[in-house]
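Some notes on the structure that comes next.
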Amino acid sequence: MERRSLAASIFVYGAALVMSLVILAPVVWLFLMSISSSADLSARPLHWWPQEIDLSRYGELVSLVSNSAGEAFLASLRNSLFVSGLATCGALLVAIPSAWAVSRTPRVQWSLYGVIATYMLPPVSLAVPLYMGLAHLGLLNTITGLALVYLTILAPFATWLLKTGFDTIPQEIESAAMIDGARLDQTMRLVTLPLAAPVLATTALFAFLLAWDEFFYALLFTADQRAKTVTVAIADLAGGRVSDYGLIATGGILAALPPVLIGLIMQRAVISGLTTGGVKG
Amino acid sequence: MSTLEIDAVTKRFGALETLKGVDITLESGEFLVLLGPSGCGKSTLLNIIAGLLEPSGGDIRIDGRSMRKVHPKNRDIAMVFQSYALYPNLSVARNIGFGLEMRKVPKAEREVAIRKAAEILQIEPLLERKPAELSGGQRQRVAIGRALVRDPKVFLFDEPLSNLDAKLRTEMRTELKRLHQKLKATIVYVTHDQVEAMTLATRIAVMREGQVEQIGTPREIYDNPASIYVAGFMGSPPMNLVEGRISDDGTRFQAEGGGCDFPTPANAIGGLTPGRTVIAGFRPEQLFPTPPAEAKAVTMEVEVVEATGAETLVIGHIGEQTIIASVKPDQAPEPGETVRLNFAPGNIRWFDPESGRALPNE
């Protein structure tokens with residue numbers, strides 16, 4: 001490492017500290033809220049640090065008693081998992097061939113810009129046509145329907161990300177496989193996709209997060225426990241006459257757990273994906 | 001029947017004509033080097049032979065069979081790429097055996113072939129490793145091994161040594177030569193390195209702007225370059241090219257600006273007519289210092305003296321023109337000196353300065 005003056009060191013560490021505070025503060029506050037008692041949260045002046053730890057809300061939300069808030073919340077978690085998982089798998093299925101095709105055929109790269117252009121449209125402008133379309137197909141308030149809508153968001157995003165990933169894999173390797181006698185599907189399965197694994201993992205994770213965090217379409221296209229996702233469920237917690245901020249915070253913590261777990265599992269692949277030009281675009 | 005026929009092959013990329021009609025015929029066991037600077041179309045030609053590109057016109061025939069619209073895997077060729085193009089996720093053994101695996105060769109048979117190739121290339125201890133764990137030279141061997149197991153009609157090499165350092169490059173060059181002598185394989189090899197071309201080839205095709213400028217054995221190309229372009233490309237240092245004029249009586253060549261004056265050769269060269277401007281080409285190693293008492297052909301003012309070990313390069317000018325002489329180290333002059341040089345006139349090549357072509361022997 002190069003030599004650095006004391007002032008510069010203090011500045012660098014100070015900046016890092018500020019940065020981590022900015023990132024972590026809301027998360028920490030969310031967690032503290034979820035374990036504070038209602039009295040602490042409504043006290044004036046506010047008790048930043050809870051006087052007693054109250055874990056009852058976790059029990060309330062993770063409950064299988066029928067017609068309870070817990071049952072509704074768990075159902076929404078399950079819906080979110082299915083919708084996001086389905087949409088992510090679908091997006092990868094669509095994006096892998098199209099990203100590969102665009103990466104290997106510079107002549108048709110303009111088409112990708114077309115796709116990205118549709119991505120620029122604000123979601124609200126598509127809400128009505130999508131609603132009518134889903135209604136026509138009888139897919140309103142279904143997991144499949146919402147997953148289909150998310151697919152339209154995830155597929156362009158995934159294609160773009162994967163294309164930059166495929167770009168980094170030398171074409172000569174595929175030429176070599178072709179001369180060696182591999183069919184296109186064999187080349188993809190044995191050579192290209194294993195090499196693209198880190199980018200695939202990164203793309204899958206980001207696509208999943210995008211679907212998991214989506215709120216607007218989920219609010220419009222779902223009505224009850226059969227399809228309502230966790231973002232909408234959390235909003236519902238705030239909908240009553242008396243809002244229990246602690247309960248909302250608990251919902252937030254629980255909703256964050258699945259993506260965090262998936263992220264941890266795929267951590268190594270994702271990090272190498274991020275560093276090998278996976279997200280250049 | 002020839003193993004490989006390149007018949008009037010052309011290639012256009014939009015308005016750009018990369019290959020302007022190439023004809024080469026290759027017999028079995030020949031080692032053809034396509035030599036030229038980058039952008040001359042040599043790699044394009046190799047890719048067309050491999051089937052990675054379709055020619056715009058003309059045809060490739062392997063063993064008499066037209067390769068038009070034939071997929072690379074059905075051409076019975078193997079290719080070694082400049083970047084090695086190994087499969088990083090597969091072991092060395094699987095890399096080598098990949099072509100056989102794709103062709104559904106039984107596992108036992110495959111393993112025998114892999115062992116044999118590994119033995120020839122001395123990479124047996126590396127078979128279980130991944131390409132990332134190998135050095136550049138080892139990766140190169142694996143890439144060659146992958147081509148070897150297939151036992152194809154034609155081997156294609158695309159600048160395979162250019163990613164290696166100088167010492168390894170020389171070693172692998174010898175190795176390739178040995179391999180060719182042993183296997184009697186038919187090889188097309190692309191390079192921009194004229195030393196590689198000279199040492200490896202049984203025939204060299206010097207390419208320029210999408211055309212074959214000259215094709216012949218390394219000796220022919222070195223001794224009798226067909227044009228100024230070939231003369232300047234082959235040999236390091238390259239051939240000296242001195243512009244001058246044939247004297248009015250037609251008996252002497254006199255360099256532009258003086259410093260070089262010698263009788264024209266006795267054997268007739270077409271076009272050495274009195275008063276004509278020509279370019280005389282001679283190799284640096286043909287020049288030797290001559291004592292003051294004897295006749296001199298060249299008077300050179302020395303500027304730089306470069307010792308390279310076995311020989312010393314003397315760089316200087318005659319009149320306005322720069323030339324290089326290669327002399328024995330004990331004969332080397334000092335910079336600033338004026339030296340008298342002579343050579344055997346029979347070894348001089350004559351070029352037409354306008355067309356750049358060599359004047360024909362009559």
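Divide, for the range A:1-101, the radius of gyration over alpha carbons by 2.2 N^0.38 Å, where N is the residue count.
That ratio works out to 1.79.
Using a cut-off of 12 Å between beta-carbons, work out the net charge of the residues near A:Arg78 (Lys and Arg +1, Asp and Glu -1, A:Arg78 not included). Don't skip to the end; give the middle numbers.
Details: positive: A:Arg226, A:Lys228; negative: A:Glu71.
With Lys, Arg at +1 and Asp, Glu at -1, the neighbours total +1.
What FRET efficiency do you get for B:Glu133 and A:Arg268 if R0 is 25 Å and r is their Cβ-Cβ distance, rounded to the nearest 0.05?
0.85
Kindly state, to the nearest 0.05, the FRET efficiency for A:Val94 paired with B:Asp223, given R0 = 56 Å and r defined as their beta-carbon distance. Before the final figure, lay out each step's value.
Details: r = 63 Å, r/R0 = 1.12.
Result of the calculation: an efficiency of 0.35.
Determine the calculated [θ] at 222 nm for the protein assembly as shown from helices alone, applying -39500 (n - 2.57) to every DSSP H run no shorter than 4 residues and normalising by the residue count; nearest 500 deg cm²/dmol.
Computed ellipticity for the protein assembly as shown at 222 nm equals -14500 deg cm²/dmol.
Between B:Lys20 and B:Asp249, what length comes free when the chain is fully extended (0.36 nm per residue of separation minus the Cα-Cα distance, one decimal in nm)?
Extending this stretch completely gives an extra 78.2 nm.
Where the only charges are on Cβ atoms (+1 Lys, Arg; -1 Asp, Glu), what is the dipole of the range B:240-351 about its Cα centre, to the nearest 20 debye?
Here the size comes out at about 460 debye.
How long is chain A along each principal axis, judged by its Cα atoms, biggest number first, in Å?
73, 68, 33
Any idea of the total accessible area buried by the B-A contact, 1.4 Å probe, rounded to 100 Å²? Numbers along the way, then the final one.
Numbers: alone 16900 and 16420 Å², together 31600 Å².
The B and A chains share an interface burying roughly 1700 Å².
Please check which bits of the range B:69-95 a label hung off B:Arg115 would reach, taking the label as a point 7 Å along Cα-to-C-beta and the cut-off as backbone N under 18 Å.
The answer is B:92-95, whose backbone nitrogens lie closer than 18 Å to the label point.
Hey, what's the Kirkwood Rh for the range B:4-233 if you take every pair of different alpha carbons, in angstrom?
18.2 Å is the Kirkwood radius here.
Could you calculate the FRET efficiency of B:Asn347 with B:Asp151 from 1/(1 + (r/R0)^6), where r is the beta carbon distance between them and R0 is 56 Å, rounded to 0.05? Walk me through the intermediate numbers first.
Numbers: r = 44 Å, r/R0 = 0.78.
Between B:Asn347 and B:Asp151 the formula returns 0.80.
Given the options A:Ala16, A:Ala99, A:Ala69, which has the most mean-square fluctuation in a GNM of chain A, springs set between C-alpha atoms less than 10 angstrom apart?
Fluctuation is largest for A:Ala16.
What accessible area, in Å² to the nearest ten, does a 1.4 Å probe give for A:Asp40?
A:Asp40 exposes around 10 Å² with every protein chain in place.
Under a plain spin-label model, where a point goes 7 Å from the Cα along Cα-to-Cβ, how far apart in nm are A:Gln51 and A:Asp244?
Simple spin-label model gives 2.0 nm for this pair.
Quick check: with the 1.4 Å probe, what order do B:His180, B:His192, A:His47 take by accessible area, largest first?
The ranking, largest first, comes out as B:His192, A:His47, B:His180.
Report the extension gain between A:Ala197 and A:Val115 in nm, rounded to one decimal, defined as 0.36 nm multiplied by the number of residues separating them, less their alpha carbon distance.
Values: separation 82, 0.36 × 82 = 29.52 nm, distance 2.38 nm.
Fully extending the segment from A:Ala197 to A:Val115 adds 27.1 nm.
Just to be sure I understand the curve: with the Debye formula and one point per C-alpha of the range B:218-288, what is log10 I(q)/I(0) at q = 0.12, 0.25 Å⁻¹?
Log-scaled intensity ratios, in q order: -0.34, -1.20.
Can you give me the distance in nm between label points at B:Lys69 and B:Arg12, each placed 7 Å from the Cα along the Cα-to-Cβ direction?
The two pseudo-label positions are separated by 2.1 nm.
When all alpha-carbon pairs of the range B:240-351 are counted, what percent fall beyond 25 Å?
It works out to 19 percent of all Cα pairs.
Determine the principal axes of the Cα atoms in the range B:287-342, then give the extent along each, sorted from largest to smallest and rounded to whole angstroms.
Computed over the range B:287-342, the largest-to-smallest principal extents equal 29, 24, 16 Å.
Net charge near B:Thr191: determine it from the other residues with C-beta under 11 Å of the C-beta of B:Thr191, scoring Lys and Arg +1 and Asp and Glu -1.
Once all neighbours under 11 Å are counted, the net charge is -1.
Can you pull the one-decimal nm distance between simple spin-label points at A:Leu64 and B:Arg340, each 7 Å off the Cα toward Cβ?
11.2 nm
What lysines does B:Lys42 reach when the alpha-carbon gap must be under 28 Å and sequence neighbours fewer than 8 apart in one chain are set aside?
Of all the lysines, those that pass the test against B:Lys42 - Cα under 28 Å, at least 8 places apart if same chain - are B:Lys11, B:Lys20, B:Lys69, B:Lys73, B:Lys153, B:Lys167, B:Lys177, B:Lys182, B:Lys184.
So what does B:Trp350 come to for accessible area, using a 1.4 Å probe and Å² rounded to 10?
Taking all protein chains as shown, B:Trp350 has close to 10 Å².
Considering chain A as a Gaussian network with a 10 Å cut-off on Cα pairs, which listed residue, A:Gly181, A:Gly263, A:Gly138, attains the greatest mean-square fluctuation?
Of the options given, A:Gly181 has the highest mean-square fluctuation.
To the nearest 10 square angstrom, what accessible area does B:Cys260 show with a 1.4 Å probe?
Using a 1.4 Å probe on the heavy atoms, I get roughly 0 Å².
Below 8 Å, C-alpha to C-alpha, sequence gap of six or more: please give me the relative contact order for chain B in percent. Please report the intermediate quantities before stating the final value.
Details: 754 pairs, mean separation 55.1, N = 362.
RCO, chain B: 15 percent.
Tell me the Rg and the Dmax, in Å, that the Cα atoms of the range B:133-263 produce.
19.8, 71
Roughly to the nearest percent, how much of the accessible area of the protein assembly as shown is carbon and sulfur, given a 1.4 Å probe? Could you put the intermediate results ahead of the total?
Working: 19040 of 31600 Å².
Carbon and sulfur atoms account for 60 percent of the accessible area of the protein assembly as shown.
Which of the DSSP-defined H helices in chain A satisfy a minimum axial length of 15 Å, computed from C-alpha atoms, and a minimum mean Kyte-Doolittle hydropathy of -0.5?
In chain A, the long hydrophobic H runs are A:6-34, A:69-104, A:109-119, A:123-137, A:143-167, A:193-213, A:245-265.
Among A:Ser98, B:Ser326, what's the order by accessible area (1.4 angstrom probe), most exposed first?
A:Ser98, B:Ser326
Where does each of A:Val191, A:Val28 land when they are ordered by accessible area, with a 1.4 Å probe and the largest first? Numbers along the way, then the final one.
Values: A:Val191 0, A:Val28 75 Å².
The ranking, largest first, comes out as A:Val28, A:Val191.
With the dipole of chain B worked out from charges on the C-beta (+1 for Lys and Arg, -1 for Asp and Glu) around the Cα centre, which of B:Pro333, B:Pro292, B:Ala113 lies farthest toward the positive end?
Projecting each Cα onto the dipole axis, the largest value belongs to B:Ala113.
Please report, in Å, the Rg and the Dmax of the protein assembly as shown, where both are computed over Cα atoms only.
Rg then Dmax for the protein assembly as shown, in Å: 36.7, 120.
The values are calculated or read from the model by the stated rules, or taken from the named source; none is laboratory data. Computed from a predicted structure; not experimentally measured. Every residue, glycine as well, gets a Cβ built from its backbone with ideal geometry; the counts of neighbours run over all protein chains shown. For accessibility, only protein heavy atoms count, side chains too; no ligands or nucleic acids. Shrake-Rupley method; radii C 1.70, N 1.55, O 1.52, S 1.80 Å.
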